[in-house]
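Notes for the one structure printed next.
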Amino acid sequence: MKPLIQVQNYSFTYMGTSRPAARNVNLEIGEGEIVILAGPSGCGKSTVLKSLNGLIPHLYSGSREGTVIVDGHDVAETQVSEVAKKVGFVFQNPENQIFMFSVERDVAFALENLGFPRDEIRRRVDWALDLMGIQRLARQAPHELSDGQRQRVAIAGVLAMTPKVLILDEPTSLLDPLTARELVLLVKRLHDELGITVLVVEHRLDLLAGIASRIIVMDRGTVAMDGSPREVLARKEALTIGVGVPTVTRLYGLLTDHGLNLGQAPLRMEELAEAVNRLVP
Ligand SMILES: Nc1ncnc2c1ncn2[C@@H]1O[C@H](COP(=O)(O)OP(=O)(O)OP(=O)(O)O)[C@@H](O)[C@H]1O
Ligand SMILES: [Mg+2]
């Protein structure tokens, strides 16, 4: 798999602080992967994301070591507007990302700033609204929308730039469980249909583990675990670091601790039920 994101021996300390927020981080993400970045609050997840889209070091100053490369370009040496064409970043609170008076103007915002021709903007905005299923909201004002709808507008805005990587920082934090589930299915569909690489910071691992190819867990500024969701979540460390280990994985842990041989760790309740069922004569 071709690496799309390469973070090498990377450390960053925000100006005015003494402890590095990212500490000797090494990670590599291949084209077409769906990767979850997890770990307790303050462990440095958003700092890593901001280093991938260029907000660090172009907007936040501090001291830096190592390199962050996206699609062959060193992010620190590349203009933020250039990085934005490759990396679509959706903030935790989409209100921080929505500026315009109508949904369609908002989705067009970044394209207009980059000086795309008018008909190209129209085409891309229609495409992105359609993809997100919000064509009917085009003329509405963003402040009239629900959190879930605003989340979709923010994603449409970055998709209109046709980025190679979609980065989502805690996209479900404002959403109810059903809307959150819909968002996860939508992300999966975008990945399948567009071949887009996805990196998502998320605490609700029960929702996302099933669609991810990998989970990277950070702890105190550095990468503590990196592997397939099945493998990483089943490790005892996942509990001690403070990752939101899904109920199904906890249950599996309890049952295997009691001596049941259930085979590989499950990601869905159905899988666990089947494994238990196989033990019943
Ligand atoms: N702009 C900033 N200036 C100074 N320190 C900061 C800044 N942003 C973050 N930090 C510090 O860097 C560390 C890592 O923060 P970061 O936001 O990357 O954590 P996180 O893993 O995203 O946490 P959460 O899950 O709560 O969003 C924390 O100690 C935080 O206080
Ligand atoms: Mg964060």
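The values are calculated or read from the model by the stated rules, or taken from the named source; none is laboratory data. It should be emphasised that the depicted structure is a prediction, and the values quoted were computed from it without experimental measurement. Methodologically, a virtual Cβ is constructed for each residue, glycine included, from the backbone with ideal geometry; neighbour enumeration extends over all protein chains shown. These area figures cover heavy atoms from the full protein model, side chains too; ligands, DNA and RNA do not enter into them. Shrake-Rupley method; radii C 1.70, N 1.55, O 1.52, S 1.80 Å.
Determine whether Leu185 is open to solvent by 60 Å² or more (accessible area, probe 1.4 Å) and under 14 Å from the mean Cα position of the chain (by Cα).
yes
Within the group Val198, Val187, which residue is in a helix (DSSP H, G or I), away from ligand 1 (no atom under 13 Å from the Cβ) and under 19 Å from Leu4 (Cβ atoms)? Before you say what the answer is, go through the steps one by one.
Details: Val198 fails: in a helix (DSSP H, G or I).
Only one candidate passes the filter, namely Val187.
Is it the case, given these coordinates, that Arg105 is outside any helix (DSSP H, G or I), modelled with pLDDT of 90 or more, open to solvent by 40 Å² or more (accessible area, probe 1.4 Å) and among the charged types (D, E, K, R)?
No: the conditions fail for Arg105.
How many of the residues making up region 241-263 are within 30 Å of the chain's Cα centre (by Cα), surrounded by fewer than 17 Cβ atoms within 10 Å (Cβ to Cβ) and modelled with pLDDT of 90 or more?
So the answer is 5.
Within region 1-38, which residues are more than 15 Å from the chain's Cα centre (by Cα), modelled with pLDDT of 95 or more and closer than 15 Å to Ile216 by Cβ?
If the condition is that a residue be more than 15 Å from the chain's Cα centre (by Cα), modelled with pLDDT of 95 or more and closer than 15 Å to Ile216 by Cβ, then Gln6, Val7, Gln8, Tyr10, Ala22, Arg23, Asn24, Val25, Asn26 are the ones that fit.
State the number of residues belonging to region 1-30 that are assigned to a strand (DSSP E or B) and within 16 Å of ligand 1 (Cβ to nearest atom).
Residues that pass the stated criteria total 11.
Got at least one residue in region 95-109 being away from ligand 1 (no atom under 16 Å from the Cβ) and farther than 18 Å from Arg152 by Cα?
no
Is it fair to say Gly42 is away from ligand 2 (no atom under 16 Å from the Cβ) and small (Gly, Ala, Ser)? Break it down into steps so the answer makes sense when it comes.
Numbers: away from ligand 2 (no atom under 16 Å from the Cβ): no; small (Gly, Ala, Ser): yes.
Answer is no for this residue.
Give the residues of region 108-149 that are part of a loop (DSSP other than H, G, I, E, B) and either small (Gly, Ala, Ser) or within 22 Å of the chain's Cα centre (by Cα) (or both), sorted by residue number.
Gly115, Met132, Gly133, Ile134, Ala138, Ala141, Ser146 - these are the residues of region 108-149 that are part of a loop (DSSP other than H, G, I, E, B) and either small (Gly, Ala, Ser) or within 22 Å of the chain's Cα centre (by Cα) (or both).
Of all residues being hydrophobic (A, V, I, L, M, F, W, C) and assigned to a loop (DSSP other than H, G, I, E, B) in region 34-64, which is most open to solvent (accessible area, probe 1.4 Å)? Just the residue, please.
Leu59
Tally time: how many residues in region 211-248 are of a type in the set (S, T, N, Q), away from ligand 2 (no atom under 16 Å from the Cβ) and touching a residue at least 24 places away in the same chain (Cβ under 8 Å)?
Kept after step one, since they are of a type in the set (S, T, N, Q), are these residues of region 211-248: 213, 222, 228, 240, 247.
If we keep only those that are away from ligand 2 (no atom under 16 Å from the Cβ) too, we end up with 213, 228, 240, 247.
So of that shortlist, the ones also touching a residue at least 24 places away in the same chain (Cβ under 8 Å) come out as 213, 247.
Going through region 211-248 one residue at a time, the tally reaches 2.
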